[in-house]
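Structure first, then comments.
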Amino acid sequence: MSEELFPVPGEWAASAKINASAYDERYARSISDPEGFWREESQRIDWIKPWETLKDVSYNEADFRIGWFMGGKLNICANALDRHLETRGDTPAIIWEPDHPDTPGRTLTYRDLHTEVCTFANVLKANGVNKGDRVTIYLPMVPEAAIAMLACARIGAVHSVVFAGFSPDALAGRIEDCQSNIVITADEGLRGGKKVPLKANVDAALEKTPADTVIVYRHTGGSVGFVEGRDVWWHDAAANASPECAAEAMDAEDPLFILYTSGSTGKPKGVMHTTGGYAVWTSMTHEYVFDYRPGQVYWCAADVGWVTGHSYVVYAPLINGATQVMFEGVPNYPDVSRFWNVVDKHKVEIFYAAPTALRALMREGDDWVTKTDRSSLRLLGSVGEPINPEAWDWYHRVVGERRCPIVDTWWQTETGGAMITPLPGATDLKPGSASKPMFGVQPALVDPEKGTLLKGAASGALVITDSWPGQMRTVYGDHDRFFQTYFSQYPGYYFTGDGCRRDEDGYYWITGRIDDVINVSGHRMGTAEVESALVEHPLVSEAAVVGMPHDVKGQGIYAYVTTNAGTEDSEELRKELVQWVRKEIGPIATPDVVQFAPGLPKTRSGKIMRRILRKIAENDTGNLGDTSTLADPGVVDDLLANRPRT
Ligand code: 6R9
């Protein structure tokens, strides 16, 4: 990897909120005097009742617990909206840019958003939603997604947003897991000119898992089925609701949301975040990572269905009084200049996106970018997966015209906000490195086998040695799974699941997942989830899924499938299996390669040797490593001989 250094531009060093020496000083203080550091930083939030104890944390199994800002009371929605009304009530909070540029957009000021959120909070109440109830949100990228989330937070209900690209089955599983009685959706979504049948998907999901209420936002106007007594139109309900709704005083540790994410085993986990720590953490990281000042136009291109959309579209920007663009569409519609046309249209200064989108655009050539103006851009961000130096260089040179620093932010659904990231006025950049820890974060590397701490320049498993305010608090409904997944492997540490290298300058280079999680276009997919979808097909007896390198997506999905005896492994069946997985999970889980395998490489104890399957998928077949424990070595020869050309 390139180790070229891009020093902090002079004007950034001079004007940014945090320069290099401020970073060193504050980072040191955040570790040596957490009490003082967080007392100051927590002032960014309006507390209804001040907190008493900074943290209550133990990573030991016997008394395992994580809590921050104990005793404090607040409402995160009031922090995102009410407190801005006096100073910036008429300032745009959300500038909504629709799927097609000719469709009229919408601008909601802080006052507009406040009115909409209070009204919808009353709609929720009128439909029986109480504090602590789980509300499933299955909406496209429209302001109503943020409105619904904030309305939940206002009354203390716990939202569970399900990405609108997920299938009815995946939606049903999530509704069932958190025992949610209400679903908020739209008639249809719209992405790249294509309609997504959201309401129909909800209807299908609720055949498996019934719910009492479905609130439907009319977006495209497409016709949808309507179940009397269960379904309610958003606009009808809102017309009868008061625009005034007091914000509930929430305990710092009251749940704020559940967000399902893929792990290395089993079904997706309901990652649960609470209120106080998440508010402080997201707001602080947003302010420093983007050097954000109210008035600047900020655009995070993530969907609200992912954690990046929760933290850096909905909560942090609004808490910080930002003006932001919310984009319904996709980067290549109506053409591949779309991102940059939107930047020009709204004079975007700060732009935050995923490497997969950048790689796809990079392939289309520079003209699509250079024919746009982009002079408003000051800062670029990257999130979701490692950004390869080639894509980094393109982003820096072509998109940002060498003028804009790139903040490559490493974090996870579990961490709530950015953990390892450059700060634009403080950190000299190395393309491909997420660089240095955020305040209060203590990363460390351990030997993956021995679990011993590695010092200095080293490569190993990335762990975090102590808690931070935005850390997830539990796996919904399964606290033991929370402990087992993240704290049992390397006792005393939070294990991230990522591999990482630390260089001689103390910069961190994330190398990707070292567990059975694949990162497809910045979206997490558990190999176990895809496998269980495949084996549900009546003709499949066994499946093993691994990641493979993919030019645009970062990683692709490679599935080895063993069919039932007597089944013909035809091209037709291969296509059918691909469609099957799309239907079971959603298009993001589409396998890139399906290889029929009469047998899978297994140890004598019956464990699938994924290491070998990974090597075959990576086309790295020269050295398959130790195959002596294989029960039947002939299986591997067969796999090698029948590898589909990709
Ligand atoms: C925010 C988000 C988390 C996983 C994480 C890692 C990968 C995210 C990255 C990155 C390298 C970055 N990841 N950001 N890898 N550099 N800047 O993406 O959350 O969907 O939970 O994914 O994504 O592998 O463990 P999530």
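The values are calculated or read from the model by the stated rules, or taken from the named source; none is laboratory data. What you see is a predicted model; the values in this text were computed from it and never measured. As a convention, Cβ positions derive from the backbone with ideal geometry for all residues, glycine included, and neighbour counts pool all protein chains shown. Heads up: the accessible areas ignore ligands, DNA and RNA and are worked out on the full protein's heavy atoms, side chains in. Shrake-Rupley method; radii C 1.70, N 1.55, O 1.52, S 1.80 Å.
Structural remarks
- Here Ala151 qualifies as under 14 Å from Ile215 (Cβ atoms) and touching a residue at least 40 places away in the same chain (Cβ under 8 Å).
- Of all residues making up region 543-580, the number that are under 27 Å from Leu361 (Cβ atoms) and touching a residue at least 24 places away in the same chain (Cβ under 8 Å): 12
- Residue in region 379-396 that is over 29 Å from Met525 (Cβ atoms), among the charged types (D, E, K, R), out of contact with any strand residue (DSSP E or B) (no Cβ under 6 Å at 6 or more places or on another chain) and away from the ligand (no atom under 11 Å from the Cβ) present: no
- Hits in region 199-227 (condition: of a type in the set (D, E, K, R) and either touching a Lys or Arg at 6+ places or on another chain (Cβ under 8 Å) or loosely packed, with under 15 Cβ neighbours inside 10 Å (or both)): Glu207, Lys208, Asp212
- Test for Tyr486: is it over 14 Å from Ser264 (Cβ atoms), at pLDDT 95 or above and within 16 Å of the ligand (Cβ to nearest atom): no
- Glu536 being assigned by the TED database to the domain that holds Ser570 and out of contact with any strand residue (DSSP E or B) (no Cβ under 6 Å at 6 or more places or on another chain): yes
- Criterion (modelled with pLDDT under 95, out of contact with any Cys (no Cβ under 9 Å at 6 or more places or on another chain), outside the structural domain of Ser160 (by the TED database) and open to solvent by less than 10 Å² (accessible area, probe 1.4 Å)) met by exactly one of Gly277, Gly263: Gly263
- Extreme residue, least open to solvent (accessible area, probe 1.4 Å), among residues of region 551-564 that are assigned to a loop (DSSP other than H, G, I, E, B) and under 29 Å from Trp392 (Cβ atoms): Val552
- Region 76-110, residues that are β-branched (Val, Ile, Thr) and touching a residue at least 40 places away in the same chain (Cβ under 8 Å): Ile76, Thr87, Thr91, Ile94, Ile95
Okay, residues lined up against (1) among the aliphatic types (A, V, I, L, M); (2) at pLDDT below 90; (3) within 13 Å of Tyr558 (Cα to Cα):
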{"residue": "Val594", "(1), (2), (3)": "yes, no, yes"}
{"residue": "Ala597", "(1), (2), (3)": "yes, no, yes"}
{"residue": "Lys615", "(1), (2), (3)": "no, no, yes"}
{"residue": "Thr621", "(1), (2), (3)": "no, yes, no"}
{"residue": "Thr627", "(1), (2), (3)": "no, yes, no"}
{"residue": "Leu630", "(1), (2), (3)": "yes, yes, no"}
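- Lone unmet requirement of (1) open to solvent by less than 10 Å² (accessible area, probe 1.4 Å); (2) among the β-branched types (Val, Ile, Thr); (3) farther than 18 Å from Val227 by Cα for Val196: (1)
- Residues in region 303-350 that are more than 16 Å from the ligand (Cβ to nearest atom) and under 22 Å from Thr275 (Cα atoms): Leu318, Ile319, Asn320, Gly321, Ala322.
- Look at (1) away from the ligand (no atom under 12 Å from the Cβ); (2) acidic (Asp, Glu); (3) under 28 Å from Ile18 (Cα atoms) and you find that Asp480 fails only one, number (3).
- Those strands (runs of 3 or more DSSP E) of region 140-240 in which at least 2 residues are at pLDDT 95 or above and out of contact with any Asp or Glu (no Cβ under 9 Å at 6 or more places or on another chain), considering only elements entirely within it, cover 158-161, 182-186, 231-233.
- Taking the listed residues Asp112, Asp63, the one that is charged (D, E, K, R), in the same structural domain as Gly192 (by the TED database) and open to solvent by 40 Å² or more (accessible area, probe 1.4 Å) is Asp112, with no other qualifying.
- Qualifying residue in region 149-169 (condition: closer than 30 Å to Pro334 by Cα, surrounded by fewer than 21 Cβ atoms within 10 Å (Cβ to Cβ) and aliphatic (A, V, I, L, M)): no
- Annotation: Val232 fulfils all but one of (1) surrounded by fewer than 22 Cβ atoms within 10 Å (Cβ to Cβ); (2) aliphatic (A, V, I, L, M); (3) over 21 Å from Asn122 (Cβ atoms); the unmet one is (3).
- Pick from region 397-426, criterion in a loop (DSSP other than H, G, I, E, B), more than 8 Å from the ligand (Cβ to nearest atom) and open to solvent by 10 Å² or more (accessible area, probe 1.4 Å), ranking: farthest from Ser375 (Cα to Cα): Ala426
- Any hit, region 442-453, residues being in a loop (DSSP other than H, G, I, E, B), within 13 Å of the ligand (Cβ to nearest atom) and out of contact with any Phe, Trp or Tyr (no Cβ under 8 Å at 6 or more places or on another chain): no
- Region 4-31: number of residues that are under 16 Å from Val407 (Cα atoms) and not hydrophobic (A, V, I, L, M, F, W, C): 6
- Sub-8 Å Cβ pairs linking a first residue in region 111-122 that is β-branched (Val, Ile, Thr) to a second residue that is open to solvent by 10 Å² or more (accessible area, probe 1.4 Å) and part of a helix (DSSP H, G or I), at least 6 apart or interchain, are Thr119/Ala238, ordered by first then second residue.
- Filter pass, Val545 being away from the ligand (no atom under 14 Å from the Cβ) and either open to solvent by 10 Å² or more (accessible area, probe 1.4 Å) or part of a strand (DSSP E or B) (or both): yes
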